[in-house]
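First comes the structure, then the notes that go with it.
Nothing in this text is a laboratory measurement; each read-out follows from the coordinates by a stated rule. What you see is a predicted model; the values in this text were computed from it and never measured. All Cβ positions, even for glycine, are placed from backbone atoms using ideal geometry, and neighbour counts span all protein chains on display.
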Amino acid sequence: MREALLCCTQITAKPSHCTLTPNHHHPPYPVIKRTTVCFSSLYRVNFRNASSSLRCSCVSLKNFSALVEDAGSPESAQQRVMEDDDIHALLKILPCDLRDNLLYESKEAQLLEVMILCPSNADFQVILDLGRLPEARYLGDSSRQYLRNKEVSVEELKYAQNAVGEFGEDNRAGITGTLHRISAIRSRKGVVIGLTCRVGRAVRGHIDMVKDLLQFGESILFVGRPGVGKTTVMREISRVLSDELQKRVVIVDTSNEIGGDGDIPHAAIGSARRMQVPEPSMQHRVMIEAVENHMPEVIIVDEISTLAEAHACRSIAERGIMLIGTAHGERLENIIKNPTLSDLVGGVESVTLSDQEARLRHCNKSILERRAPPTFPYVIEMRERHYWVTHKVSFS
């Protein structure tokens, strides 16, 4: 049965209940606090809490359910976050004056408030470029906040580099026991001349709007632009599948972004096992090794970007293993038009029709068709952190 996006709905939340009103001829659906509501077809649900002005969206397929919860007080929201962000561990690699400015003179109070009220939106990074003023960037704030009036020196970059440790071939490093990521910019001679220090965190409840999809055992591809929260979603999916659904989960963690730096994975991934990748170019080999050696029910891989990785994904899917992956893009259309990744959704090929068939279809004789069954039956577009659109690929 073909499923299609029928309507957008609006939920107006009250302290004890809210009402779901479709924009076509259906009666209102009462939604009780912390109750699962089933929809008859694909809905996009917008949720707004009047007390905190928080906003999120969820997408539900036919016979799936959308979990609608009252955001409530900041205390209830705070319980949904793992309180081990270890932001101070990130600040320790910075020069003392920058650390003090961040803690006492910048928007740190604002950042902490955002972490409590809407933790999945609390994106924060520090930019250190040689010969330029150090700056802090916050999600949703396009302005630049400079941390001091003195340019970054070579000594300060060396201090931060020594505090972090060795960078990999992908110029990424982490802080042991945390989810933070430090990325380097190098000169032509290989000297580090810039650092991007980004906060990493685990947010519980972040995948409630697609949690039902996980129970069906179908492979899912998350598509979104950099910084929209794909890796955070991978962490939470790892925990839910391994702890709540009791699946054998193996994470192929190329840059230690999902499970954090160090040999002991972060508690955010639950009981999922983590396989580290020696070099980014070997990710596809480790994916196949995980299947052949460790009998997983689920493979989780972040940032599928090469043809070899796309082929490895198809090989894994053909063996009956659930695959959860991410790729850069904004829409399903971007994946279809990407010659490297198009195989993830079945690929595209040109077909020439006979004259009779073209007349029956009322189309040109040369058309584009899907080449093979999709590797990922479901594609989720992460357009914003709380606004996702789900596609059943065979019908899209």
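Structural remarks
- Residue-wise HN-Hα couplings along the range 197-208, as the Karplus relation 6.51 cos²θ - 1.76 cosθ + 1.60 with θ = phi - 60° gives them from phi, are 9, 10, 6, x, 8, 10, 10, 7, x, 6, 10, 4 Hz; Gly and Pro carry x.
- One Cα centroid belongs to the range 240-296, the other to the range 174-219; the line between them spans 14 Å.
- Links that overshoot a 19 Å alpha carbon limit, given the list 158/189; 337/392; 92/158; 211/247; 92/230: 92/230
- Applying the criteria of a DSSP loop state and at most 14 other Cβ atoms within 10 Å to the trypsin sites (Lys or Arg not before Pro) of the range 144-226 yields 150, 188, 189.
- Efficiency of FRET between residue 366 and residue 333 - r from beta-carbon atoms, R0 25 angstrom, step 0.05: 0.80
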